[in-house]
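What follows is a set of notes on a single structure, which appears directly below.
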Amino acid sequence: MKTRSVFILLVLFCSSAAAQLKIVIVERLLKAPARSWSSPRFSPDGKRVYFTTQGFNGIWEYTPAEKSLRRITDDPRSGYGFAISPDGKTIAYRRTRQQPHSLARLQELVVMDMTSKSTQVLAQGENVSIPAFAGSAVVYSVENATNNVAATRALSSPVLLGIEDTKIVVIERGRKRLLDPLGRGSYIWPMLSPDGKRIVATEMARGAFICDLRGRVVARLGARNAAVWTRDSRWLVYMEDEDDGHNVLSSDLYAVGSDGKRAARLTFTSDVREMNPHCSPTENKIVCDTLEGDILLMTYEEVSR
């Protein structure tokens, strides 16, 4: 019996190690040039897609099942940092305005009920963080002072607030930590895994990596830009882009296993530059933008090599 159990485990391991992701369906949700769309992401229930423009001005919602588009807000720079509540009823975003007769900027944290479109300004200042939700509470920082940390005490999963002073901000059980996994790092693109146990991020000079919630590095990934988790936390989807220092010349999507050892190319387009992927939390789907301003929806499968 012990020998049979070991054999089954070995077969499962080998099958997993030999697997890779493959795109099987590609659908264009929205097409430029009506607007040049950018930075799409799924709603928590996976039924809607939210995105902005290439200038990050405004937020829109698209429902694929109904093929319906609606504008949430046209506030300036609101698309750069926003979060959707777990129940999908509320959006929190940061808008940025130029002060009249001054070079100073004013950032405001806005919370909107997406049914009534009623809004509330929670905070304002020169430096307001991108918001995150802890249950129904909005967690945010003003000048690096973080509000609603206590709301995370009852949560089983941590809250990833983003970047503060170039470091990764994690709030867990009512405690805030700044992570510097690679030492003296400047980090971008942090993302918490769906199982709440790991973070993928990129250090600007040393590439992408995965760390645990204490900042211990568990995998080095190299140059894998804008990496995001699949819903099962087993894969990362990222873009491999090339530029000449001024313009993006090419970009395709790839996938790599969370151990950093299995990689697969997902798109093979010479005339389309796919960028900024995001994976559905409920289905085997990826949404991304293109440099040309379109929004694409892709369905993937895990297949044998």
- Task: State the answer as a single residue: which of 281, 268, 101 lies farthest towards the positive end of the charge dipole of the chain, with beta carbon charges of +1 for Lys and Arg and -1 for Asp and Glu, about the Cα centre.
- Result: 281
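Keeping all protein chains in place, calculate the accessible area per residue for the chain (probe 1.4 angstrom), answer in Å².
For the chain, the solvent-accessible area averages 51 Å² per residue.
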- Note on region 225-273: contact order normalised by length, alpha-carbon pairs under 8 Å, 6 or more apart, percent, works out to 27
- Relative to the longest principal axis of the C-alpha atoms of the chain, give the angle of the C-alpha long axis of helix 2-17, reported between 0 and 90° and rounded to the nearest 10°. 50
- Item | Spin-label model distance (nm) - residue 99 vs residue 145, 7 Å beyond Cα toward Cβ | 1.8
- Query: Under a point-charge model restricted to the Cβ atoms of Lys and Arg (+1) and Asp and Glu (-1), what is the dipole moment magnitude of the chain relative to its Cα centre, in debye to the nearest 20?
  - Reply: 980
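Report, in deg cm²/dmol and to the nearest 500, the calculated mean residue ellipticity at 222 nm for the chain, where each DSSP H run with n ≥ 4 adds -39500 (n - 2.57) and the sum is divided by the residue count.
-1500 deg cm²/dmol
Report, in cubic angstrom per residue, the convex hull volume of the C-alpha atoms of region 180-260. It would help to have the intermediate numbers written out before the result.
Details: hull volume 6.6 nm³, N = 81.
Hull volume normalised by residue count: 82 Å³.
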- Principal axes of region 222-305: Cα extent on each, largest first, Å: 36, 26, 21
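Hey, could you get me the Stokes-Einstein D for region 14-82, Kirkwood radius over alpha-carbon pairs, 37 °C and 0.692 mPa s, rounded to whole µm² s⁻¹? Display every interim value, and only then the final one.
On the way: Rh = 13.7 Å.
Calculated translational D: 240 µm²/s.
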- Message: Between residue 28 and residue 166, what is the label-point separation in nm under the 7 Å Cα-to-beta-carbon projection?
- Response: 4.2
- Item | Rg and Dmax [Cα atoms of the chain; Å; Rg one decimal, Dmax integer] | 19.9, 79
- Message: Please report, in whole Å³, the volume per residue of the convex hull around the C-alpha atoms of region 168-225.
- Response: 75
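The values are calculated or read from the model by the stated rules, or taken from the named source; none is laboratory data. This one's a predicted model, so the numbers in the text were calculated from it and none came from an experiment. Cβ sites come from the backbone with ideal geometry, for glycine too, and all protein chains shown count toward neighbours. For accessibility, only protein heavy atoms count, side chains too; no ligands or nucleic acids. Shrake-Rupley method; radii C 1.70, N 1.55, O 1.52, S 1.80 Å.
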